[in-house]
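To start, I am sharing the structure in question, which I have written as structure tokens.
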Amino acid sequence: MRSSLVRAFSIGTILILALAHPVAAFELNGGCTLEIASTDATGAPLDLASGPGAGGGGTQSDPFLVDWDGGVSWVGSSGEQVFNNHGWQTFVFLVPTPVRGGDPNEDDETVGTGTVGVGENAPFRITGLYYVSGTIDGEGGTHCDGSGWLQLTGNTVTTIPFWLAVLIAVAGAALIWSSRPHAGGTTVQGRVS
Amino acid sequence: MIRHPFRGLFGGLLLGIGLALVLMQLSVAPLGQVTVLTVVALCTALGTILAYALPARSHP
């Protein structure tokens with residue numbers, strides 16, 4: 001039985017892979033392409049983005065919109081490259097994530113497609129604006145990398161992760177305050193009767 | 001005078017991580033893709049500096 005943490009990560013993994021694997025999103029280098037579409041909770045189209053190329057969406061000023069209760073589908077191509085024995089890594093705001101892996105790709109596939117429900121297996125609703133990037137490297141020097149911005153829509157202040165973040169910040173501030181210097185020196189030992 | 005620079009550093013790191021997570025979730029990224037790393041670095045440095053610069057605790 002998979003733990004809830006694994007399930008939470010699986011949905012995050014798939015979502016990020018949709019944006020970053022096998023080709024990253026929107027700002028793409030290396031000859032890879034990606035088309036991505038999202039739907040809202042009712043299944044109605046929400047947003048489209050594609051790359052590389054200007055006007056494809058997925059930028060900070062025009063992020064790719066994702067509904068937590070909706071879905072995301074994608075079509076990615078590695079162009080003329082075949083990524084055999086590849087490894088890939090994803091980043092959020094340039095910070096490496098545990099979402100990485102690799103595959104021998106013995107069938108020499110160059111096109112990947114898929115659809116996933118965004119929040120269907122996650123324990124917490126997450127909202128916000130995220131810069132996601134990724135790289136993939138295969139045999140023979142095959143390489144693609146790219147990046148894009150996605151926005152998970154919703155009311156942030158009603159989500160648990162937001163208040164956890166506030167709690168972490170407050171704890172940090174309290175720790176800084178408690179780090180104030182104090183007078184050292186003699187220690188008085190004794191009993192109070 | 002006893003100081004706690006590592007406590008200040010760790011507090012600054014926590015403050016930076018928490019603040020960065022809050023900014024992300026509020027869709028605020030004034031520094032673009034380097035927003036998170038910059039906020040964490042600045043807060044960590046701030047925590048360390050404040051561990052030296054804050055006024056000493058007063059004892060009754």
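Throughout, read-outs are computed from the coordinates displayed, never taken from laboratory work. Keep in mind that what you see is a predicted model, and the values were worked out from it rather than measured. When we count neighbours, we look across all protein chains shown, and the Cβ atoms used for this are built from the backbone with ideal geometry, even at glycine.
Other chains' Cβ within 10 Å of A:90-99 residues: what's the mean?
3
For region A:106-120 and chain B, what is the separation of their Cα centres, given in Å?
Value for the Cα centre distance between the two parts: 40 Å.
Sort A:100-112, A:39-51, A:126-138 by packing, meaning the average of other beta carbons within 10 Å per residue, with the highest value first.
Details: A:100-112: 13.1, A:39-51: 16.4, A:126-138: 22.6.
Highest to lowest by the protection proxy: A:126-138, A:39-51, A:100-112.
Let me ask something else about it. Under 1.5 on a/c is rounded, so check that first for region A:138-188, then, if it is not, pick prolate when a/b is larger than b/c and oblate when it is not; a ≥ b ≥ c are the square roots of the alpha carbon gyration tensor eigenvalues. It would help to have the intermediate numbers written out before the result.
Values: a/c = 5.69, a/b = 1.83, b/c = 3.12.
Oblate, since a/c reaches 1.5 and b/c is not below a/b.
Please compute the average number of Cβ atoms from other chains found within 10 Å of each residue's Cβ in peptide A:161-172.
6
Return the average number of partner chain Cβ atoms within 10 angstrom of each residue Cβ along peptide B:29-39.
4
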